[in-house]
Amino acid sequence: MDIDNFQIIIAPLLAGIMVVLTHVPLGREVLKRGIIFIDLAIAQIAGLGVVVAQIMDVNLGGYGVQVSAGISALIGGTILLMTERRWPEIQEAIIGATFVLAASATMLILANHAHGAEYLHDLLLGQILWVRLDQLIPAAVLFGIVLLLWRFASSYIRGIGFYLVFSIAVTASVQLVGVYLVFASLIIPALAVKNLTGRRAEFVACIIGFLAYLSGLIVSLFANLPAAPLIVWSLACFSFLYYVYRVSMYKVSC
């Protein structure tokens, strides 16, 4: 790879690293709680806020889309927190229904819009190759808040604050990488290290994520293919390779 191509992927790669660092611990908590589709639901709600802001041409000093996405995600997170308290036994079903409602609302809003298909494509697959360094600043602030809360207020995060902190993280990530990569970054590395514990699990999951984003971006540049699907498949491939490694090491130890 020559220097020009490397410079193209610097900002997207940094975006991917930030997403991985914040979404690995959140993804492990999602698996632990058994609410697998919460990331899709919250991401879709945040995406609905993005679409509404774009359709209404909300500016607010250049942060209109971020504000709209954040408010939408926080409202969605608050609602899901309330339903978990009231109906914990059917929480996963409620999360699934919330995702479908938010997705359907997005499609209805975009149905007769001239750029509806383009907006929907960007929402789901994102435009990670076109991420700029200046876009990473507000995202880095939000991700930093999430990581600080996760490390120093863990009892709150693993209690009533989980949905709210989760909403903050998804607000930033869905605008950088799209709904599909948000889901994949949360769940696939977490599945790969499901049988590990502690810092080792997070370290291995982050390595899987870093390698997947790097390889997906590089292949996207040279093969002229969309980056997001390549990164999703890279996450799956590196996770599978780690699984094969674990199985082989177990057989050797036996």
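The values are calculated or read from the model by the stated rules, or taken from the named source; none is laboratory data. Given the structure is predicted, the values throughout are model-derived calculations rather than measurements. FYI the Cβ positions are ideal-geometry reconstructions off the backbone, even for glycines, and counts take in every protein chain you see. Side chains included, ligands, DNA and RNA excluded: accessible areas come from the protein's heavy atoms. Shrake-Rupley method; radii C 1.70, N 1.55, O 1.52, S 1.80 Å.
Taking Val24, is it at pLDDT 80 or above, more than 29 Å from Leu108 (Cα to Cα) and out of contact with any Phe, Trp or Tyr (no Cβ under 8 Å at 6 or more places or on another chain)? When the stated conditions are applied, Val24 passes them. The residues of region 131-154 that are touching a residue at least 40 places away in the same chain (Cβ under 8 Å) and surrounded by fewer than 14 Cβ atoms within 10 Å (Cβ to Cβ), listed by number, are Arg132, Leu133.
None of Ile128, Ile94 is modelled with pLDDT of 85 or more, surrounded by 12 or more Cβ atoms within 10 Å (Cβ to Cβ), closer than 30 Å to Ala223 by Cβ and of a type outside the set (Lys, Arg) except Ile128.
Residues being in a helix (DSSP H, G or I), over 20 Å from the mean Cα position of the chain (by Cα) and surrounded by 17 or more Cβ atoms within 10 Å (Cβ to Cβ) are represented in region 224-247 by at least one member.
Keeping to region 28-65, report how many residues are on the phi > 0 side of the Ramachandran plot and modelled with pLDDT under 70. Of the residues in that region, 4 qualify.
Scanning region 157-214 for residues that are in contact with a Lys or Arg (Cβ under 8 Å, 6 or more places away or on another chain), assigned to a helix (DSSP H, G or I) and open to solvent by 10 Å² or more (accessible area, probe 1.4 Å) yields a single hit, Glu202.
Scan region 171-182 and tell me whether some residue there is modelled with pLDDT under 80, farther than 28 Å from Pro226 by Cβ and among the polar types (S, T, N, Q). No: region 171-182 contains no residue that is modelled with pLDDT under 80, farther than 28 Å from Pro226 by Cβ and among the polar types (S, T, N, Q).
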